[in-house]
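Derivation of every value follows stated rules applied to the coordinates shown; laboratory data play no part. These figures come from a predicted structure and were not determined experimentally. All Cβ positions, even for glycine, are placed from backbone atoms using ideal geometry, and neighbour counts span all protein chains on display.
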Amino acid sequence: MKYIINTQNKKATIDKNIYGHFSEHLGRCIYEGLYVGEDSQIDNIDGIRTDVLDALKEMKLPVLRWPGGCFADEYHWKDGIGPNENRKKMINTHWGGVVEDNSFGTHEFMRLCELIGCEPYINGNVGSGTVQEMSEWMEYLTFDGLSPMAQLREENGHKEPWKVKYFGVGNENWGCGGNMRPEYYADLYRRFQTYVRNYGDNKVFKIACGPNVDDYNWTEVLMKNAGQFMDGLTMHYYTMPNDDWANKGSATEFDEATYYLTIKKTLRMEELVTKHSAIMDKYDPDKRIALMVDEWGSWYNVEEGTNPGFLYQQNTMRDAIIAGINLNIFNKHADRVRMANIAQLVNVLQAVILTEGDKMILTPTYHVFKMYSEHMDNTLLDSYIAAEEVGTDENKIPSVTESASMNEEGQVVITLCNTDLAEEKNITTELVGFTPAKVTGEVVTGTMSAHNTFEAPTTVVVEEAKAAIVDGTVKVTLPPCSVARIIVNA
Ligand code: AHR
């Protein structure tokens, strides 16, 4: 298969935040997954589990969204500050009806980001919150000087203000965030964002709630009525084998037809990003406003015996392919897509990490994110692969998807997904304007349902990829159902 990368046709910078993640007060994502509390037997720093922390640092997690999701529009941040014993307990109505004791709040989240070394992305409450509440949260987080909120922060043990760049004004306000119409939300967005202030040199990147999947009218109305007040517009799209919410399909037990159907559905991200970007281009031809896919990933039936409201699912090689395909799509749209946040970080939906008590496993999706992290902040290169189609009669998909970039050292970073379950792919890469001298590669591969468990945590691991320089080209052999990252030196 012929693959051409034109190293002389340099495109946009791949924002590292495309490799972002999302953590919600949902199931065992925050509690148990990230936060176990200082008194836990599980190794922790300030209540944050160290095994998970180390894995996230290794993966180079760049940005983390919190506290939701649907939870964000029910969250009142003042319930999650101050002495633990005084923190209000609430019902998490969206997710399992469990008691939320608010022991993980603003200080704990900011500490988590500090320990990971990632940017915080905080999502404010429009659905059930007030303008004052949102305004005061930003003051509490970032104001340096004498003010009621800065004083409260100091009383709670943090004199210094934090830096918070990314702030979302509501989540899914067309649905769980208030069931609003776009005209109404656009007006509310204009009002709420006015009071999300820049304090000192903390310049807020203001994010408006964008469309669900293919709601192009939402994008149109938001861009037209509120575009001038936003830096980013979100978009959500989940990959589900069946569109039936009561039976989305199993995470681990599926046949080949369902595999190809799922991959075809995930490939729809290309169409969605293209069409929403085209609408944004009409109002913002200079691409000042980022399209932020701040919820994406696979969504299956929960694992048997687990709380249906906790959205706990396993993660197979099919999910590795889903991750690789979507990240390739985002890279290729780097001129408009400047952040994406897979849902969710630990123990929820397409998670990179699963935990059980003091045990932790890395999923195939984790390995994809770690391999792809080499693209972060690189320059996207023009590239094209002549991939034939594979799949079933009803669901034909390209057998290989790819993206390529160049880093500051002049190395070419290539990521490839072989979606074919049956055959390996021999790829001959021609690098226009580049003489390859050395090539290295890594790959994750396995049967479509291969996955790691607490009993067998290393079924899917990163292996060395088969790659060599032959007659000035880079030859790569991709095993069936695999995701690879290749690095080429001049
Ligand atoms: O990620 C789970 C949920 O999916 C989020 O809370 C919500 O925003 C979306 O509908």
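Calculated on the Cα set of the stretch 176-234, radius of gyration then Dmax: 11.9, 39 Å.
Measuring between their Cα centroids, the stretch 68-85 and the stretch 376-446 lie 43 Å from each other.
Quick one: grab the alpha carbon gyration tensor of the stretch 66-215, order the square roots of its eigenvalues as a ≥ b ≥ c, and give me rounded if a/c is under 1.5, else prolate or oblate depending on whether a/b is larger than b/c. Since a/c reaches 1.5 but b/c is at least a/b, the shape of the stretch 66-215 is classed as oblate. Which whole-Hz ³J(HN,Hα) couplings does the stretch 381-395 yield from phi under the Karplus relation 6.51 cos²θ - 1.76 cosθ + 1.60, θ = phi - 60°, glycine and proline marked x? Those phi angles translate into 10, 5, 8, 8, 10, 8, 8, 6, 8, 9, x, 9, 4, 7, 10 Hz. Over the chain, the Kirkwood radius and the radius of gyration, each from Cα atoms, give a ratio Rg/Rh of 0.96. Give the aspartates and glutamates reachable from LYS248 as a straight Cα distance under 15 Å; neighbours fewer than 8 places away on the same chain don't count. Reachable aspartates and glutamates: GLU303, GLU304, ASP319. Over 25 Å between C-alpha atoms is what I'm after, so list which of LYS11/LYS60; LYS224/LYS264; LYS159/LYS370 land there. From the list (LYS11/LYS60; LYS224/LYS264; LYS159/LYS370), the Cα-Cα distance tops 25 Å for LYS224/LYS264; LYS159/LYS370. Computed on the stretch 385-490, with alpha-carbon pairs under 8 angstrom and 6+ residues apart, the relative contact order is 33 percent. Between the alpha-carbon centers of the stretch 315-373 and the stretch 197-255, tell me the distance in whole angstrom. Going from one Cα centre to the other spans 17 Å. Here is the size of the stretch 396-490 from its Cα atoms: Rg then Dmax, 14.4, 48 Å. Placing a label point 7 Å from the Cα of TYR283 along the Cα-to-Cβ direction, the residues of the stretch 232-250 with a backbone N closer than 12 Å are 232-234.
Pairs of Cα atoms nearer than 8 Å and 6+ residues apart set the relative contact order; for the chain it is 19 percent. Every Cα-Cα pair in the stretch 11-112 was counted, and those over 22 Å apart are 33% of them.
The shape of the stretch 19-79 comes out oblate: with a ≥ b ≥ c from the C-alpha gyration tensor, a/c is at least 1.5 while a/b does not beat b/c.
Applying a threshold of 24 Å to the alpha-carbon distances of LYS2/LYS396; LYS16/LYS359; LYS2/LYS466; LYS275/LYS332 flags LYS16/LYS359 as lying beyond it.
Modelled spin-label separation between ASP335 and ASN212, with each label point placed 7 Å from Cα along the Cα-to-Cβ direction: 3.1 nm. Net length available on complete extension from ASP51 to TRP245 is 66.5 nm, with 0.36 nm assigned per residue and the Cα-Cα distance removed.
Rg ratio for the stretch 203-281: its Cα radius of gyration over 2.2 N^0.38 Å, N being its residue count, equals 1.38. Excluding same-chain neighbours fewer than eight residues apart, the lysines reachable from LYS89 by a Cα-Cα span under 22 Å are LYS78. Principal axis analysis of the Cα atoms in the stretch 315-474 yields extents of 52, 38, 30 Å, listed in decreasing size. Using only alpha carbons, the stretch 148-202 has a radius of gyration to Kirkwood radius ratio (Rg to Rh) of 1.12.
Other residues lying with their Cβ under 13 Å from the Cβ of ALA226 contribute a combined charge of -1, Lys and Arg counting +1, Asp and Glu -1. 3J(HN,Hα) along the stretch 357-371: x, 8, 8, 9, 10, 9, 8, x, 5, 4, 5, 5, 4, 5, 5 Hz, from the Karplus curve 6.51 cos²θ - 1.76 cosθ + 1.60 with θ = phi - 60°, whole Hz, x for Gly and Pro.
Extension gain, ASP358 to ASN489, is 43.1 nm, computed as 0.36 nm per intervening residue step minus the present C-alpha separation. Only residues of the stretch 228-267 count here: report those whose backbone N is under 16 Å from the spot 7 Å along Cα→Cβ of VAL131, or say none. It comes to 229, nothing else.
The overall shape of the stretch 319-400 is oblate: from the C-alpha gyration tensor, with semi-axes ordered a ≥ b ≥ c, the ratio a/c is 1.5 or greater and a/b is no larger than b/c.
For the chain, the longest principal axis of the Cα atoms and the long axis of helix 216-226 meet at an angle of about 50 degrees. One chain, two ends: ASP79 and GLU256. Fully extended at 0.36 nm per residue, the span grows by 58.9 nm beyond their Cα-Cα distance.
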